[in-house]
Every structure is written in structure tokens, then in C-alpha cells.
Amino acid sequence: MSDIRKHKEKKSFLIFKKNSDLQTVSLVTVAFVIAVVIYQLIAGVSKNGVVAFPSLLYPSNILNILIQATPVGILALGMTAVMLAGGIDLSVGMMTSMFSMFVAKVVMHGGMHIGWALLLGIMICITLEIIMGAIISVLNVESFIITLGGQIACRGIGLLITRSQEVAMDKQHLGWLKENLFDLINPEGIKIFSRKLQLPYYVLIFVALTIITWALLKYTRFGRRIYAVGNNPQAAYLSGINVRSTKLLVYIFNGLCVGIGATTLLTRVGTGIITVGQNLEIDVIAAVVIGGVAMSGGKGSVMGAFIGSILMFTISNAMTLMGIQSEWQYVVKGLIIIISVAGGALSHLFSTRKAVRQQKAAL
Amino acid sequence: MSDIRKHKEKKSFLIFKKNSDLQTVSLVTVAFVIAVVIYQLIAGVSKNGVVAFPSLLYPSNILNILIQATPVGILALGMTAVMLAGGIDLSVGMMTSMFSMFVAKVVMHGGMHIGWALLLGIMICITLEIIMGAIISVLNVESFIITLGGQIACRGIGLLITRSQEVAMDKQHLGWLKENLFDLINPEGIKIFSRKLQLPYYVLIFVALTIITWALLKYTRFGRRIYAVGNNPQAAYLSGINVRSTKLLVYIFNGLCVGIGATTLLTRVGTGIITVGQNLEIDVIAAVVIGGVAMSGGKGSVMGAFIGSILMFTISNAMTLMGIQSEWQYVVKGLIIIISVAGGALSHLFSTRKAVRQQKAAL
Amino acid sequence: PEHKTIGFYADNVDSYYAFETDVLIALSERDPEVNWTIDVKTGTGSAAEQLNAVQDFISAGVDAIAVIQNNAGTTSECIQMAKDAGIPYFGMTHSFASAPNAKDAACFIGFDFVQEGYYAGLDAYNRGAKKVVNVEGVLGQGSAGAQSLGFIQAYEDNGVELVSDSATWAAEKNSGMDGTEGLSLYWCSGGWMKDSAKTQMTNIISELGPDGFDGVYGQNDPMLEGIIEALEEAGLDPADYWLGGGNGREISWQWVKDGIVDMDVNQSAALEGDALYQMLKAYFAGEEYRAYIHPYLNYLHTDNIDEIWDSLVPFSDLDQYLAKRDAGLIVYDINDPLFTDVEGFA
Amino acid sequence: MAEAIFRLRNISKTFPGVKALSGIDFDLCPGEIHCICGENGAGKSTLIKIISGAYQPDPGGEITFEGKKVSFTPRQALDAGIQTIYQEHNVFPMLSVTENIFAGLEVVQKGIFVNKKDMWEQAQKALKYLHCAFDADALVGTLSSGEKKLVEIAKALVFKRKIIILDEPTASFSVSEIEMLLDVVKKVAARGVAIAYISHHLDEVFRLADRITVLRDGLLVLTADAEDIDESTLVSSMVGRDVSAFYHREFFDRGEAALEARNLSGNGVHDINFTAYRGQILGFAGMVGSGRSELMTLLMGGAKKDAGEVLVEGRTVDFHSPADGIRARMCYITEDRQHAGLFLEHTIARNSIIANLVNRASFFIHLDEDYRVGQKYIKELRTRANDANVVVSNLSGGNQQKVVLAKWFHTNGEIYLFDEPTRGIDVGAKQEIYQVMLDLLRQGKCIIMVSSDMPEMVSMADRVMVMKNGRIVGSLDRGEISEENILQLSIGGSTI
Ligand SMILES: Nc1ncnc2c1ncn2[C@@H]1O[C@H](COP(=O)(O)OP(=O)(O)OP(=O)(O)O)[C@@H](O)[C@H]1O
Ligand SMILES: Nc1ncnc2c1ncn2[C@@H]1O[C@H](COP(=O)(O)OP(=O)(O)OP(=O)(O)O)[C@@H](O)[C@H]1O
Ligand SMILES: [Mg+2]
Ligand SMILES: [Mg+2]
């Protein structure tokens, strides 16, 4: 018992070490939101002379950000697992495109039932990830380049499926996934600040999947093994961990996430087209790394990746709300990515120094 | 003396270890070329009934491949240095775009002399690389994410420079760089197989730069230190190598390569536009890694990257020559990337086993 | 006048889209009767970005949303969102006629890409081209496919025997130079970009040889420029081949005049921007307006170039456009019959 | 004695959570061998890292080199003629031996180009001087732990140095290498080089030292000439109590056969036959590279066997991976803790439970339980760490080794393969580990111990197998075990 109490006490001293990355991304997010809110308040007063509630914080807008972040967020869950195990997956964007083209094609031109099509699509994603994962884990080669090959091949497969055409889907096929939860409460829709609140089912999938992944990584044997394999595969092997199958399972899990994420994206977009997932992997990896997952593996958390994806979309959302040109949006987004990573390293440096200084003073 | 002889003898035992990557990429390239040539011969006979010289091997076509590979090849030189030092640079594509937009803008709208514009553009590339390199080396953070931020920011800067417009350049500005060397011999042009031979000056820049980089990495102190830093930065620091400045210098060198590579690309394209360098970094990294440079740093060579870039462009060239649809081109390209890396690992595995077996037999 | 905010989204960075925006902004700024702020947001060519942008515009409370779309399916979603929020949705450039709720949009203004391809096909047919390299835009993009379709239709309508009917051929394509006596095509994609088109063309010349083709269709002018360079660098004379383009930028007027290129189709984004300006103005004033229209295409070729030179619509020079507009050299009024109604939307 | 070439005055070093050194004074004189002793975590490595410039001391202290006040980076220290061989490996695995030796100190000709031939010849010379069995072209990644150490030592010989610092250089050496190294160190010192030498082997210390400095808990306990000090004073000043270097162990009755190998071949070893019994320690002795670690890896299932049989509890087993070994209740305490034993970025708690995951039935993990496990072994093994949430990379070498032990003890195995169990462990803690090993025997468990530490082998093993070139060349029963006998067998008359 006393051990546990001690454990709780000691934790606070070490918190900067263990959670600094999660802290950094949270801090950057909060700082960014505060800055935007202040700007909106000032701009509102100077324009209309009255204090107006900042539109960034409208409940409807917060829900919007969540909606927009859903596909990237779901993909980020799988990517987190892959990167914790020391790998990376560049193919997820094009695999998403391929998935959307496949599902749209078989449903619209093949007459398949949407449920079967989605299931089959997810299985294809998992299969492709198994192939790549097997090559990576058995031959022990760079995941970067294998999945880069996968990316390019997926683009080709997707284009072949629809013969480079785009295939639009009908509303009824995926409409049920984006029904508004608030409509259940009030079929007229609920409005706050005269903006209708939107909360499609698929956002719930995102939230649920985040919690599941979080628990999986933190509280299960499998999760532990992922961290161990990412940190030191050799030691992991000698500690009785099946490094190959752990890596393989991680890619399978990633394939599942890609399938589900692609489903939500297809639901939003409504069309199977090659551009659906273009450059998506960059957003996903950025979200994961901003969230504190080390590129070298073994370090980071799902919650970081979750906040990371939210941050990415908060940036574009806020910049649009403020009416800032999109050219500047890129500059700001780039700088924020750099700042959150560099800032994390800096704050780590400073907190270490500070701890040393405090200790000296205490002695 | 006897020591030296022993040294020579022993080398053969180790050769598979030290050069296997260069061997793999050369092997894949040769195998690919042979396969295409055979296909072309058979297709030629079955179509026209006569054996025709395969168009892949037309001197004019080989020069074409070299021309097409030039910008990626030059960027691959800088990327090789960066990756050998254990880093990566995702910003090179967008930096190329930004460079082209900057040069086109100041020359066409600002009236600057092209020479000054190029010089200034190269300096800007170097400056941006210095900033990123400094953050990476001083704070010791993931180069992946810092340069990803740089990529996004460069896109914004480029778009701001031209206000999202494209700026076409006049022929006279960069025409001198693409003058045909064969025209010096015969102003009428030299034709083989009734195809005119092309060899613009900028290809010579590529070849010269490759040789310089090769010597730099292989035979200079700076080059050897890059390998050490990439292999084990901690040990390098304790061995008295200035890890930070080595990394920084590598990024500076990369900035120079980006500037020169972007110049050749701008010469080819003739227009400053954001799409000039879009996704270029993927081609560049693929070429470097196919060429045998380890993502983890410390292993690989410039020659591998050189052959890697040639291979990448030989693939698209050959596929077009064979009249294969571009959808299939993606699939084949993806597979070849996977095969050359997986094949490298496999052959390494086998040759190790073989060496062990031979040794056993010898005992 | 009352202040209005317009959220303007363009799918990608593109000089065509940018010029459209510039014309819209320039016209609104010099018009004392309107007081608009135009928030321009540019994507990177992905559908989700379009959705996000529209959603963000709704959050920001804009008075109108104008979008150059990624694809029709996504646009259908966007129209629904805008409708729910009570904000008018103006769509430009790429057709979303296939969207079931297309008529809920406040406008569609965009060129007829099939028609554009048709002009090229017609010209090629008239000049006897039979083995044509077709350099498409981005693989899988609707407008690229439409141009190819129009090109084949022109041959079909002139009674040339084809491998299959035009719609099938355009969807299936073929590999290598293949087709009938009347028309063979070599399909490739230059992704709308000069350098890719040049690379493709260089490789194709290697393969086919100088006599393996007699025409090249570059679906926009940057690709056409790459094609011309590839021909020249291979020691071939562009004048020996039928060359046709899309876009009809200023540079290609000169090519046509100089006989380097046989034809092009003048399809300036300025007309779209101008039309959008007129529609927005009418919408805010509560007036009726023609909501679903194609701007007119100017088919220019070596025979008519001198005739129509003055009435060609500038493609990138804003001042020249405004000057020509003020001088009455070009037709810009959306009520002019040169602007045609979109089929099924009159 | 000559004037001190290097002087530390009032040097302190603080890490977050630990004060590693406080107020240390330390001198090095030309030609002297100055040994530094102390328990694990006493601050020895930290001290030498301050000398070598790898760490900057807290402000307030003073460092002088050749009479001048200095503040070194590793580069400046090297340029000043100070070469350090650190406790942990400091090599470039993907580079050759030559490139390793000359990294950062390349020989340059004609302005900018490196002189490969010259460097290769110098490297080759140094390797020969150290009797290395590999040559200067070998990739360092393929060398064994001890061979890597030799490469690092070769580095110190190639250049003319004023000060050479060795932090536990012999930890992965066997007797003949140790002899050779002590010899080399003495010769070098005789040339006027100042040498700082850290070792937990007190016999080495007494054979080498001119002066001895003892650290305890970051404080300087004593500095004295070697003549003025005897072993028991040294040990008691290190540990604060009396312990003997030779451990007088209890013996237990031989139990049943637990692990047996019959004509076992594979992974570089051939025709291995032995039987290990419960309640006994079976030792494996031999020279560096004799294949002992390879044999352990093979037994555990970490490599494929080519021929022969392994029997656990009398039943033939066929392991495909170490996981199978763990399931058969075997434990493998690897020799290279950084590379093969630990998850350096993870906490002690996480490291402690990882190997037992295989045996855990539950899919879920309880964080508090993990923490308790970590704490339990910190206490039992007397690990110097604040608590089980400390990240392992912040521990001293010996304490890291204790975490490796914790990881395996927690699996509660029946057969223990200890590969260099006390490498880098101080005298006091060694006793504790021996105690733990005896406790295991008392519970009727079986231990196989690979060790290059002769006294350890002699005092702990019930029976010793001696290996050479991947084969067992002889075995010694309890009465026959002595340093001379082991040495004779492992050299075996024939040339190496
Ligand atoms: N980088 C670091 N960060 C935090 N604490 C450290 C660090 N390096 C060492 N320490 C702590 O400083 C103390 C002294 O460590 P040091 O490595 O000098 O011990 P040592 O005497 O060399 O021990 P050993 O014999 O085990 O090698 C230990 O308590 C260790 O945990
Ligand atoms: N990965 C590898 N590739 C090639 N050779 C290796 C590899 N690992 C070890 N060796 C070689 O195998 C031989 C036996 O090494 P091993 O580690 O088993 O020796 P050991 O008796 O345990 O010695 P030590 O006490 O140094 O650990 C050595 O000569 C070593 O160079
Ligand atoms: Mg130490
Ligand atoms: Mg060993």
C-alpha cells in the first residue's frame, strides 16, 4: 500500500519526462485556440462594437472540427500502432483511394450490397497490409520503402478498378452512417447560435475506436509488446516476444483502421475517386508525430495522436473563420508543426534543467 | 606486405556485405532492361516479321532517360548525404516549386537578371535548409517532421510569391542551359535510327555533380564523418566529431543540390508553378533507397542513388515504349520498388548463408 | 451598399482557377454598387478539403459560397449542407449535372468540355489526321475524359469507322497505337503538366518513330508546349504534324498564327469569373438570372485566326480582359445567346 | 611523482533526480595508473565522462590540464591527447574496424582526401599488437562484445596519447585477454602516459594501480597510493562493510537433470554434450569468441539447430524462438544488456515485466501491479533508482544489469542461463547476486553460467565445461576447478 502511495507522489516529479509530448501538443492546441479566440473577440468588437461569442467556439463549429478530423483521426490510430512498433506506412492514403474506388465500383456497377462491399473492401485493405507487413517483418526491411512501393501500386490498382474514372455513389448507400444524432432528439434539428448541430454516427465510431486503441496499447499484452518491439526489437525477441508476428499484427490492425477510416471518408465524400486519399498519409503522419510518437518507435500515445489530428483541422478551420488567405494557411500550418516538435524538445530541455536547478536548491 | 595481401584476400569474403546494395540495384536494373529488350524483340518479330533493334536501347532513348532523370538525380545526391547522416528531407519537392516560382517571378515581373535570380534562389534554398538543419541538429528532433513542416511552409511561401499564379519564362532566359551538345559537332543535329541525339548542358552538370559528391562522400574527412554520424551519433560525438555541424553541413549541401536540381527542372519546364516539384521528394527518396541507402543512416553510396534514379525513369520510359497503360505503370513501378528492396534483403540473406556454408566446408 | 462575404473555394492551385478569382475580385472592386469581401481558399485536389471548406464557410457565416469542385458526388453533399444552412451555393467550371440535387445550387457556370474535344476532333478529321497521340489531363478527372470523348465523337459523327462506339472507346481506351484505318489513338496522361507531357511525348517518339503518328492532341496549353518542345528536340518539325490543344491561352494564339499549332479552343476562365460576378450581383439584389449556363467556346484555327483575333478572350492578362470588355470586343453578358443553357437545366 | 597533468577540483554533477558527484578532487600524473573503485552508481563513469568532456560539471568546480584551466568538449579532450574507452560500446556497427578507429581522427593526405591505405596499415598494426583474431576490414557489427572492446582499445594505441581512460575494459574479456590488456596498459604507462582505470576486479586493480581513488555515493572516500592500502580496506571503504572477493558458497545436493544437450550443433557451435542438474551451477568457460554466447542463444531457441537434441526435464524439446524457451521455464540473461537486454527508453517497471508476458494468462495488464513488481526487485536487488518509473537509460551500468536480472527473475523460471551475470556489477552487489543465485539453487533450480570472471567461475561453479572454437574441449569437476586448469584447457596447447 505504501508503495502505491509513494508511486502516486513520485509521479508528479517525473511527469515532465513521461508526458512531455502529450503536454506539448495539448499546450500548442490550447495556445492556438486562445490566440484565435482573442483575435476573434477583438476583431468582433472593432467591427461591430459589441463583444460577440467567438465563432471558433460555437458548439456547431467544434463538432465540425471533430467531423472533419474523423477520417484522418481514424487512420492516425492505426498509424500510431505502426509507428510505435518502429515502422511507418506511406500507403494509407492511396489505399483509402483504392478502397473508395473499389466500393463505389462494385456497388454502383456491380450491384453488390453496400454492406458486403464495405466488408470486402476492408478485407482487401487488411490483405494488402498483411502482404506488406509480411515482407517488412520477415525480411526485416525498411517499412518506409516497402509501403512507398505499396502506395504507388495502390494508385495503379485503384485506377485499374475504375479505369481511371470517378464513380459517384447514391445517397441511400452510405446515408445511414452520417445520420445526425441530434435528429434523434429533435427531428427538426437543434440549433445553437442559429447554427444547426451536426453529429453523424461515424464520429462515434471515431471516438469509440480511439478509446479501444488507447486501451489496447496501454492495458494489454499486445500493446506492451508493440512498445517493446519498437524500442528494441533484438531485446524483445530475446524476451520471448514474437517480433515478426507483433509487427504483422500491427499492420493488420492498421489495415482495419484504413478500411474503417476510408469508409467514413467515402461516406463524407460520396464518390470513389483517386483524389480521395491523395496526400492523406502526410496529414496522418503529421498528426501522429505532432502528438508525440517518436519516428524511431517505442514512445508515444494514442491520445497524443488524437489531439494531433484535432489540432491539424483546428488550424485550417480557424484560418478560414478568420478569413485568412489559404497561402498563409500553409505557412502557419508548417510553422505550427515545426513549433510543436521543436517546442516539445525545448520544453523537455528546460524542464530537465529546471529540475536540476530545483534539486540543487533543495540540497 | 603480407598483411596487405591478406587484406585483399579477406575482402572477397566481405564483399557481399559491403556492396550488396549496389549490386541489388544494378541487378534489378539490368534484369529489367533485359526483360524489356526481349519483349521488344519478340513483339517486333511477331508484328513486323523482322528483328528490329529494340527502341529502349536506341542511343537517343538512353540519352532521353538520362535527361529525364537529371532533376531527380541531382536532388538524390543531396538526399543521399542527408540520409547517410541519418536524416531525411521531405521539403525538397516543394522547395523546388518555390524556387521555380521565385526565379520566374523576379525575372519576369521584377526584371532581375537570370544569373542573379538563380544565385539568389539557390541562396534561399540553402538558407531554408540551414534553418531546418539547425533546428534538427541543435534540438536533436526528428528530421522527418521538421522537413514535413518545411514542405508545407514552402508551399505557402511559393504560393505567396506568385499569388498562386503560374509565371511562364521566356526561352532566352534559360535556353543556354539546354542547348544541345551534339549541335556543337553538327549544327544540323546527329541522328541515329532516325532519332535525333539530345544532350543538353544540364546533363553534364548532373554527371559532374555525381562524381563530385561520390568523391566527397568516399574520400574526404567530411564524407567519412557523415557515415559515422549516421551510424551512431552518440559514438560520433564522443569520437570528437562535431555532430551538429556535420548535420548542418549536410543540409547546406542538400540546399545547394536542391537549388541546382531546381534550376535544371525549371529549365525543362520553363514555368514557375507550384506543381513543378509536387511529390518530387517521393521520387527522390525512392531513388535513394532503391540505391541501397539505409533509412537509418550510415550505409549506402551515391552510385547506388545514381543508378536508382536512372532505374526509376527507365521504368516509365520502357512502359511507355511498350505501350502499357499508365495505370499499369504505377503497379509495376510500385512492385519494382518493393522487389528491389526485398530482393536485396533476400540476396543478402542467401549470400550470408552461403558464405557460412562455404566456411564450414573449408573448416 | 450592404456588405456581403463570399467564401470562394478552388479545388487546387491552378492558373485557370486563379484567373477566375482575379476577374471576380477585380469586377467587384471597381463596382460601386457592391461591397463584397471574397475569402479565397485553395485546396490540394482532395474531395474532403472541399467538404471541410464549405463547412468552415458555413461556420464563418458567409453570405454565399462559390466552389470550383473536386467531383460531382462531393458537390452534392456540399449543396445539401449549404441548403441546410440557408446559404446559396454557386458552382463553377466542372459539371455536377449528375448530382441529384444539382438544381438546388444557385448556379452552374462552366464550359462544355465534350464540345471542346469535339472541335479538336473535327479539326483533326478535316486535316486528315488518322494516327493521333492523345495526351490526356489528370487520369480519372471528368473533364479530361470528356475532352477525349468529344474528340472521338467528331470522327464518329463524320462517319469514320471506329473500333467501338465513342462512349465505350473513351471509357475502355487501348494500349499502344491502336484503332482502325480511320482513327488510331495512343493514350497517355500528362497530368495537365508541361514536363510530364514532354516526358511522355519524348518516350512516345522514341517508340513510334517520326512516321508512327501524324497528330498530337494536347488537352491543355502547358502540355501542348511540352509536346512542341519534345518534337523540336527530337529534330521533328511541328508543322509536319496535326497539333491541337485545349485552353486557348494567349501563347497558343501566336502558335496558331505562326502555324506551329493547327487549332485550339479559347476557353478563358475570365468568362466564368465574369458570369459569377453577374449572378452574385443579381442574387443579392433578388433578381432573376440564368442560373445554369455554358460560356461560349471560340474555336480558333490557322484559317480563322486573323479574323477572330480581337474577339479572343484573354486567359491570363487581367488588364487586357477588362480593356477588351470595356471596349465591347468580347461578349460577357450572361443573357447573350452565345451563353447556352445547360441541357436539362433551362 | 611527476606533477599532475590533469586536475579536478571540487567537481559536482547533478542529473534530474540524482546527484552523481559532489565535490570531487582528482589528479592524474604522467606515467601513473590511477584506479577508480566504487559500487555501482558510485559515480565512476560520470567522473571519467567529465574528464573526457562528454559531460559538463556543475558550475563551481575547476578543471586544469597542463596547468591551464579548461572546459572540454570531447573533441577538445581528444585534441589535448585524452582518449577514453567508455563503459558501454561506442562503435559504428556498419563501418569497418579501420573506419571505427579513425572516425573523427582521419588521416588526411593532399589537403582533403583521406589516406585509406595508411589508416588501414596503422589499424592492422594495432590489432596485431592486441592479438586480435579479426582484421581491419571486418565490419564491427559482426564482432562479439569483447572484440568490439578490443577495437576501442586499439583506437587508444594508434594515436600518441597523454591520458588514456579505461572504464571497465575487461568486463567482457576472458583471462588471456585480461592478461594481455594489463600488460599493454603497463607498457603504455611506462611511456609516460597517464592512465585512469576503472574496474570491479580488485585483483586487476592491485596489479596495476599506482594510486587508488574510491568513490561512494558520489563522494570521494579516499585517494591513496596502492602500497598503503590492502584489499579489505579497499572493499570496506567501497561498500562500507567487509566482503571477500572469493565467495564461499553453500553446496546443495545434486537434483535431477534439468537441461541436457546431445551432439548439439548449430549457430557456430558443434557437437555439444552436457547435462545440467537442479541444485547445481554448470559453468561455461573459454576465451572471447569461443562460442559460449552462441551456445546459450541456441539453447534458448534464439537460433536454429543443425543437429543433435536438447532435453528439458528429460523430454526432447524443439524451440523455434526464445518464447518457447521461456515457456519451458528457461531464462536467458544476455551479456549485452544495452543491445539485447533492455528497453532503454522504457521504465524499470515496464522492463521488469516484459519477459513474463509469455506466461501471463490474462490479456490485460495492470499498471499498478507492474509498478509493484518493479519496486519489489529494486528493493530485492538493491538497485540504485528512485522508483520503478525511472527510465532505464538514466541508470548506471551496474544498475541496468540489475534490471535485466529483475526481468528474468520475474518469470520465475526453472533453468537459468546466465551469460556474464555480474558484468559491471560491484563487489557488494555481486555478493547479493550470488546470494540470489544460491537461493535459486536452494529452491532446486538449475543454473548455467557463462563467465569470463575467473574467481567467479572458481568459487561458484559445481562443474565447468571449457569451450574453444565452438566445441567443448574439456570439463572439470568441483575438485579440479582452478584458474590454471581452466586456462590450460581453453588455450589447449594449440595456437589460436
Ligand atoms: N544520463 C543520466 N541521467 C540521469 N542519471 C544518471 C545519468 N547517468 C548516470 N546517472 C546516475 O548517476 C549515478 C552515477 O552513475 P555512474 O554511471 O557514474 O555510476 P558508476 O560508478 O559508473 O556505476 P557502475 O559501476 O554501475 O558503472 C547513478 O545513480 C546513475 O543512476
Ligand atoms: N552477428 C555475427 N555475425 C558474424 N559473426 C559473429 C556474429 N556474432 C558473433 N560472431 C562471431 O562468433 C564468434 C563467437 O562469439 P560469442 O559471442 O559466442 O563468443 P563468447 O565465447 O560468448 O565470447 P564473449 O565472451 O566475447 O561473449 C566470434 O568470433 C564473433 O566474432
Ligand atoms: Mg560505470
Ligand atoms: Mg559471450
Answer with one residue from B:252, B:223, B:278: the one whose Cα lies farthest towards the positive end of the charge dipole of segment B:180-281, charges on Cβ with Lys, Arg +1 and Asp, Glu -1.
B:223
So, R0 is 25 Å and r is the distance between the beta-carbons of residue C:319 and residue A:328; what FRET efficiency does that work out to, to 0.05?
0.45
Note down the nm distance, to one decimal, between modelled labels 7 Å out along Cα→Cβ at residue D:471 and at residue D:483.
2.9
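In deg cm²/dmol, rounded to 500, what helix-only [θ] at 222 nm does chain C give when every DSSP H run of at least 4 residues adds -39500 (n - 2.57) and the total is split over its residues?
Values: 12 runs with 146 residues, N = 346.
That comes out to -13000 deg cm²/dmol.
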Once you sort the root eigenvalues of the Cα gyration tensor of segment A:223-289 as a ≥ b ≥ c, which label holds: rounded (a/c under 1.5), prolate (a/b larger than b/c) or oblate (the other case)?
prolate
Please identify which residues in segment C:176-216 have an amide N closer than 20 Å to a label point set 7 Å out from the Cα of residue B:42, following the Cα→Cβ vector.
C:176-177
Kindly provide the helix-only [θ] at 222 nm of chain B, computed as the sum of -39,500 (n - 2.57) over DSSP H runs of four or more divided by all residues, to the nearest 500 deg cm²/dmol?
-26000 deg cm²/dmol
Would you mind classifying segment A:49-142 by shape? Square roots of the alpha carbon gyration tensor eigenvalues, ordered a ≥ b ≥ c; an a/c under 1.5 is rounded, otherwise it is prolate if a/b is larger than b/c and oblate if not.
oblate
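Looking only at other chains, what is the average number of their beta-carbon atoms within 10 angstrom of each beta-carbon in A:236-249? Before the final figure, lay out each step's value.
Values: counts 5, 5, 17, 20, 19, 8, 5, 2, 1, 2, 0, 0, 0, 0.
What the average comes to for A:236-249 is 6.
Taking the alpha carbon gyration tensor of segment D:6-243, what are the square roots of 5 times its eigenvalues, largest first, to the nearest whole Å?
Each semi-axis is the square root of five times an eigenvalue, giving 30, 21, 16 Å.
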Beyond 22 Å (Cα-Cα) in this structure, taken from B:191/C:198; B:171/C:198; D:13/D:49; A:171/A:333; A:178/C:83; D:44/D:402, we find A:171/A:333
Under the convention of a label 7 Å out along Cα→Cβ, give the distances in nm from residue A:59 to the same position in every other copy, shortest first.
7.8
Could you work out [θ]222 nm for chain D from helices alone, using -39500 (n - 2.57) per DSSP H run of at least four and dividing by all its residues? Round to the nearest 500 deg cm²/dmol.
-9500 deg cm²/dmol
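If a/c stays under 1.5 just call it rounded; otherwise compare a/b with b/c (prolate if a/b is bigger, oblate if not). Do that for segment A:22-362, with a ≥ b ≥ c from the square roots of the Cα gyration tensor eigenvalues. List each step's numbers first, then the result.
Working: a/c = 1.91, a/b = 1.05, b/c = 1.83.
Because a/c hits 1.5 or more and a/b fails to exceed b/c, segment A:22-362 counts as oblate.
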Distances in nm from residue B:324 to the matching label points in the other copies, shortest first (labels 7 Å along Cα to Cβ):
4.6
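Looking at segment D:7-110, which GluC sites (Glu not before Pro) are in a loop (DSSP not H, G, I, E or B) and have at most 10 other Cβ atoms within 10 Å? Working shown, then result.
Numbers: sites: D:32, D:39, D:62, D:66, D:88, D:99, D:106; in loops: D:32, D:39, D:66, D:88, D:106.
Sites meeting the loop and neighbour criteria: none at all.
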Please report, for the Cα atoms of segment A:190-325, the Rg to one decimal and the Dmax as a whole number; what are they, in angstrom?
17.9, 61
Counting pairs of alpha carbon atoms under 8 Å apart in space and at least six apart in sequence, what relative contact order in percent does segment D:6-243 give?
29
Relative contact order of segment B:22-362 (C-alpha contacts under 8 Å, at least 6 apart) in percent is 32
Shortest-first distances to equivalent copies, position residue A:351, nm, label 7 Å out along Cβ:
4.7
Filter the GluC sites (Glu not before Pro) in segment B:139-210 down to the DSSP loop ones having no more than 14 other Cβ atoms within 10 Å, then list what survives.
B:179, B:188
Give the residue list of trypsin sites (Lys or Arg not before Pro) in segment D:139-208 that are DSSP loop and have at most 13 other beta-carbon atoms within 10 angstrom.
D:160, D:191
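Please report the relative contact order for chain C, taking Cα pairs under 8 Å with a sequence separation of at least 6, and give it as a percent rounded to a whole number.
Working: 682 pairs, mean separation 53.0, N = 346.
Reported as a whole number, the value is 15 percent.
Please return the longest range in chain D lying between exposed loop sites, taking chymotrypsin sites (Phe, Trp or Tyr not before Pro), DSSP loop only, at most 13 other beta-carbon atoms within 10 Å, and leaving the sites out. Display every interim value, and only then the final one.
On the way: sites that count: D:246, D:251, D:363.
The longest such stretch corresponds to D:1-245.
Could you tell me what percent of the DSSP beta bridges with both partners in the protein assembly as shown are antiparallel, to the nearest 5? Intermediate results must be reported in sequence, preceding the final value.
Values: 63 of 137 bridges.
Of the beta bridges lying entirely in the protein assembly as shown, close to 45 percent run antiparallel.
Counting DSSP beta bridges in segment D:248-490, what percent are antiparallel, to the nearest 5? Walk me through the numbers on the way to the answer.
Details: 21 of 39 bridges.
The answer is about 55 percent antiparallel.
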Per residue of B:267-278, what is the mean number of Cβ atoms on other protein chains within 10 angstrom of that residue's Cβ?
5
When the chain is fully extended, how far beyond the present Cα-Cα distance does residue B:211 get from residue B:183, taking 0.36 nm per residue of separation?
7.6 nm
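Computed from the coordinates by the stated procedures, all read-outs in this text should not be read as laboratory data. On a predicted model such as this, the values are computed, not experimentally measured, just so you know. Here the Cβ is made from the backbone with ideal geometry for all residues, glycine too, and neighbour counts use every protein chain on show.
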